[in-house]
Every structure is written in C-alpha cells, then in structure tokens.
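Worksheet for the structure shown next.
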Amino acid sequence: MAHRNNLIIALLFLTTPLVGQTIRPEYKAKGFSGNPVFEGWYADPEGIIYGDTFWIFPTWSDEWGEPLVPLQLSEYQKEIQKNTINPQYLKQTFLDAFSSKDLVNWTKHPKVLDIKDISWAAYSIWAPSVIHANDQYYLFFGANDIQSDEEPGGIGVAVAERPEGSYRDALGKPLINAFHNGAQPIDQYVFRDDDGQHYLYYGGWRHCNVVRLRSDLLGIESFPDGETFKEITPEHYVEGPFVFKRNGRYYFMWSEGGWTGPNYSVAYAIGDSPTGPFTRIGKILQQNPEVATGAGHHSVIHPPGTEDYYIVYHRRPLGDNNGHHREVCIDRMYFNDDGTIRPVEITFEGVEGIAQLDATVGEQFIDVTIDGELFTRYVLDDKEKYPFFFPVKGPSGASGTAMRNNPYPHQNSLFLACDAVNGGNYWQDSLERGQIRAIRAEVLESGGGRVVIENENIWSRQGAESPIRDVRTITITAPSTKLYQMDFDIRLDMLEDVTIGKTHHSLFCVRVAHNLAVKGGGTMVNADGNQGETGEQGTFGKPSPWMACYAHRNGKTEGIAVFEHPDNPWYPAPWFTRDYGLISPTSFYWPDDEAIETTFKRGDSLQLKYRVLVFCGTPEEAGIAEHYNRYLSAGQ
C-alpha cells in the first residue's frame, strides 16, 4: 500500500475535487459484468470460486454514500491508531465481500471481518487473501501498516465456517509481525500447490518473501534448505504478489509503480517451482488514457475445466485524482501459444456473464439446461443401441445434430460406438448383435457454471462375454452466449482380449443436423481448410485435429465442431466424413502398418478425449482454431 514518503501526496489527494463513480447498468442489461462490477470505492480485490459462486474480497478504500459510523475502540486500539501515517487509514477497519453466480449480479456481504473481533488490529485492514482448507474458510489480512518492527501489527489470519463469515481472529496475534529481507508484512496471498502444500507470498516496500505454511495454515515452517523467509523479489517489484499455476509452470505476478498514481500496473514472471527463480517478463495490465488509470493490485480467477481466465483488479476513473478512489473491475486474460500472457485490454463492458447450467435426472435420461432452456438430453434408454446426446442445441436454439435421419437412421446424434468388436456390432443392427448399455450415470456438478456427468457403460451381446466397459466424464459449459462446449474424457477398459476389424464405424461420432450438412447446403471443413468441391471430397481420410460443419440457417450462421486431443492414440486420426452429415475421427479404417485389424489385450485401457463446440458464425468468425489452441494449452 504505502509508507511515510507517500503521506504528503495522500493528504493532497484528499483536498482534490471528487469525481463520482460511474456504474454502467447498460452493460449489465446486456449480460456483461460492466466495470466497475459493483458500487463503492474498493481496492486490492481477491477473487475466488467457492463451489458454484464467485467471490471478491476487496480492501475498503473510501466512503461511498452514507458516512461510516464511528467505531467503539478499545484503549489499546486507540493507542495503536496514533502510529498511522495517513488519517484515511483509520477508516479502513473492516472488510466487505461480494458474491455472484454469474459475474453480473453481485450481493454485498458487509463487514465479514471487523477489528472489533481482532484485539491487536486498529486500522489499515488491507488486501485480503482467502482459501478453503481443513473444512473451514481462512482469510489472511494486513493490519496497522507497520513502519518498523517496534510497531504492533502485520499479517493476521481469521477463520469462519462460511465464505461470508463472520471471520474471527485465529491466533490472537499476527502470523508475521516483523520485517524480513526488507519486506513490509502486507499484501499477502495464499497459494495451494498441487501436492497440497500452502505458501504465503507477501511484501511491500519493494521486497517480496514466500513462506511455507503449516498444514493448519496457522503457522510457518522452514523450507527443506532450512530457510524460513525466502526472498523472491523480481525486478521492479513494488507490492501485491499473486501466484497461479498453469500447465505445470508457476506464474508470479505483482504490482509496480506508485499506488496513488496513474502508472500503477501489473507485471509477471514464470518459474518452474513455487519459489522461483522468477525473471520479470513484462507488464500485462496498465492504464488506458481513454478508459481508466492506475490499473493494478489484482488477482486471477480460473473456473475449473475451462480455458477462461479473469483478471480482477482495481483502477481509478478518468479525471479522479483522489488516490483512494479505486473501483473493482474484471476483464479477460489470454495467453499466447508459448504460455506468455497477452497484454490485458481494460474495458467498460467487463466480461460476459456466466450462464447457469443445471442437470435434471429423469427415467433413463439426464437433461441439461442453460439459463433454464434445454441444451441437451443424455439418452440412457436400455432400448437404444448406445447412449447418446440429443438434441445438442446451438445458441440459436436449433440442434446441431440429427437423430434417426435418413440415410442411415441408426446414427443417433452425438455418440460413441464401434462395430466389428470380437464379432459383435455395437454401432448398428439389432441389440442382440451388441449393445452399449448404461449401468451407472450420475451428476457430479450442477447449478453453477458447468454440469459434470459421470457415466459407466458395459458392452454386451447375447451368447458372448462382454469385451469392454467404458467410463465417461462429460463436462458441459457455456463460455458465452455464442458458444456452448462439451468435454469428453473416456476410458475403455478391455475385459478380455479385443480385436476390432477394419471399420470406419468406430469411436466418437457426430451425426450433423441436415441443414448444417453439405447435402443440406452447409460447409464441411477441417483444420487445414480442406473442403474440396464437397466436404467429403476434401476431408475423407485426412488426418486433422478438428472438423467443423456450418451453414446459414434460421437467419444466422452457426455450426458444430469436434476437437480431438493430442493425447489420443493415433492423433491426429484420419476422419471418416460423409456429405449427408457424419464426422468421426477414427484410425480403425486406416490401421497402422497396413494391418487389417486392431488388437488389445485383456486389462488394457484406451483413454480418449474430445471436445464438441456449437457456435455462432463461421469457424473463422467463431475463432475455432484459436479455441483449439486454448484446448491444447489448458491440458484438456
């Protein structure tokens, strides 16, 4: 936040004319968060997802609307307040929180933390960092803006049973109450690594330390090398550290410049361990003279199972020189192919709201809705040849897939199947010849930004042993109003030695709606842009990471695409395509080494991953190639 050298500047700002905050309901009416996302002067926002709810825990920065009610302080707290370097800090004695299901509509939870519940804290309650662990919620905070080891205060930790608190002091004293390596004990951020180890990054006055937290998060333990306070300060670091992990690499971020000035900004580094070393790469968030100034002190929200990254930060409105007039904003954060972060574009509209997805379990089916409207049904009827999804609706409301359409009405919408398996046929013909039958289906997640379904199936036929059992995890999201997404993670377990003959009727398949198919007036194209005089002519048998069909229908252009993941065996597989509307990545029609069949041993497993997108526009307009790159970089 600040130290004594900023006192004169801060006091000058208090005498400047006030500029009102501009809330933008026109963007919220269009389904965007709008920036700022909620009313009030707040700073240092910590964003996090708890269950199906987004939360922001910011620093209270200045009065908005009604003035603050005077506090009832203990004599000890009154004495401590004499240490302040800025009278404004005496008002910062509590923390509010905000929650949202959709990033658009926010609920305020006032005073989730208050100094009345922290006997040693008296002012400058700053930069909350929150996490759920050990069946409770932890809130780390800075208090008293200590200027030396002789002053009481530092980094504290509070706990609660619910995200909205109220939070109570967990230690009765600061967790860190002194300077180490020159770092003022403020601006803390708690990070949990994949192995469950928690780290606390913190530091003002241009120094940053990292410490290892005990398993109860209420104490500090030494690193294996015996060091306790490990300094990791990168070039130009000032304050506000933040860390996240992506594709096995650690992104260390921080704020630069003066917090009261227009050039406050965010920079970052990438390392191979939580302690670095970290070498500065560059700035990714800073002012835009046409939008706002002083963009900094941020956090990052990453909804699980998506490639979406949101940067939550504070900034000041144009024309407002009061250093305490900061407002919380959200914008999208994107990555380059090499994993570096693109410069963030700060906006007035903010980010598009998150759709509400729900799943309802019926009699041999699961319905999935997006904002209350049916998106798809997972058909698990034991009278069907195999489980399948139908419809699979696009943003226009029309299905991108077809069911029981001629020719070949046995191809039902979106499905996984195969013929020529140990003499059986699990693609077509009678159920006696082979059937993929659901033996378990459950909804793992529902009611938030995604639906997750887990389904187990047995491959069986009369008079023969079951050759395969498969387990499918299906994750459904709606990244925008113009794009719906289905992720498939499938494991096929071989229950006996399995032989699959040469066949193009195999594995993951989409029977495209007739008015998206080539014969219905649509276009079929692969990742290389191949489509030929007809889609089939340009794509049949050609390896490609993805395939799409699209057309202009119902007054708009939309389509459906299938991605194959590079972890799949035989990637990129040749595609079996037909102009009547069939797309399927499969190697079994083009076996390795010119073999006429593919074999697996009992106990073998085959892991497969796919993604299906239904989208608005052409593949170029919808950015399908870019979406595929994000699919790869997210490790899906």
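The values are calculated or read from the model by the stated rules, or taken from the named source; none is laboratory data. Just so we're clear, the structure is a prediction, and the values are computed from it rather than from any experiment. Note that each Cβ is placed from the backbone with ideal geometry, even for glycine, and that neighbours are counted across all protein chains shown. Surface areas here come from the heavy atoms of the whole protein model, side chains and all, with no ligands, DNA or RNA. Shrake-Rupley method; radii C 1.70, N 1.55, O 1.52, S 1.80 Å.
Below, the figures for the structure above:
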| quantity | calculated |
| --- | --- |
| Nearest-ten-degree value, helix 624-633 long axis tilted from longest Cα axis of the chain | 70 degrees |
| Relative contact order (percent, whole number), segment 527-610, Cα cutoff 8 Å, 6+ residue spacing | 26 percent |
| Overall form of segment 171-263 per C-alpha gyration tensor (a/c, 1.5; a/b vs b/c) | oblate |
| Estimated dipole of segment 493-565 in Debye, rounded to 20 [Cβ of Lys and Arg +1, of Asp and Glu -1, Cα centre] | 440 debye |
| Backbone N within segment 376-394 under 20 Å of label point (7 Å from Leu431 Cα along the Cβ vector) | 378-390 |
| Which of Asn457, Tyr199, Gly31, positive extreme of dipole for the chain (C-beta unit charges) | Gly31 |
| Cα gyration tensor category, rounded, prolate or oblate, for segment 370-504 with a/c compared to 1.5 | prolate |
| Pairs of Lys in segment 482-636 closer than 24 Å at Cα, counting only those 8 or more apart or on different chains | 9 |
| Under-5 Å amide H pairs with Arg246, H placed in peptide plane, nonlocal only | Tyr251 |
| Cross-link pairs beyond the 22 Å C-alpha cut-off, checked among Lys111/Lys173; Lys111/Lys230; Lys173/Lys245; Lys82/Lys116 | Lys111/Lys230; Lys173/Lys245 |
| Environment charge at Asn422 (Cβ cut-off 14 Å; Lys +1, Arg +1, Asp -1, Glu -1) | -1 |
| Counted charge near Phe615, where neighbours are those whose Cβ lies closer than 14 Å (Asp, Glu -1; Lys, Arg +1) | +2 |
| Net lengthening on full extension, Leu444/Gln462 (0.36 nm per residue, minus Cα-Cα) | 3.2 nm |
| Gained length - Asp371 relative to Asp493, 0.36 nm times residue gap less alpha-carbon distance | 40.3 nm |
| Net charge dipole size for the chain [Lys, Arg +1 and Asp, Glu -1 on Cβ; Debye, nearest 20] | 800 debye |
| Among Met524, Leu285, Phe388 the positive-end extreme of the charge dipole of the chain (Cβ point charges) | Met524 |
| Gain on full stretching of the segment that runs from Asn288 to Glu39 - 0.36 nm per residue minus C-alpha separation | 87.5 nm |
| Average accessible surface area per residue within the chain, 1.4 Å rolling probe, Å² | 39 Å² |
| Solvent-accessible area of Glu66 with every protein chain in place, 1.4 Å probe, in Å² to the nearest 10 | 150 Å² |
| Cα gyration tensor shape of segment 516-636, rounded if a/c is under 1.5, else prolate or oblate by comparing a/b with b/c | oblate |
| Segment 487-636 - percent relative contact order, Cα under 8 Å, separation 6 or more | 33 percent |
| For segment 58-184, projected area of the alpha-carbon convex hull averaged over all directions, nm² | 9.0 nm² |
| Long-range HN-HN contacts of Phe32 with modeled amide H, under 5 Å | Gly353 |
| Option label - mean projected area of the Cα convex hull in nm² computed here, alternatives [x] 30.7; [y] 33.3; [z] 40.4 | [x] |
| Cut-off under 5 Å, modelled amide H: who pairs with Arg280 long-range | Glu235 |
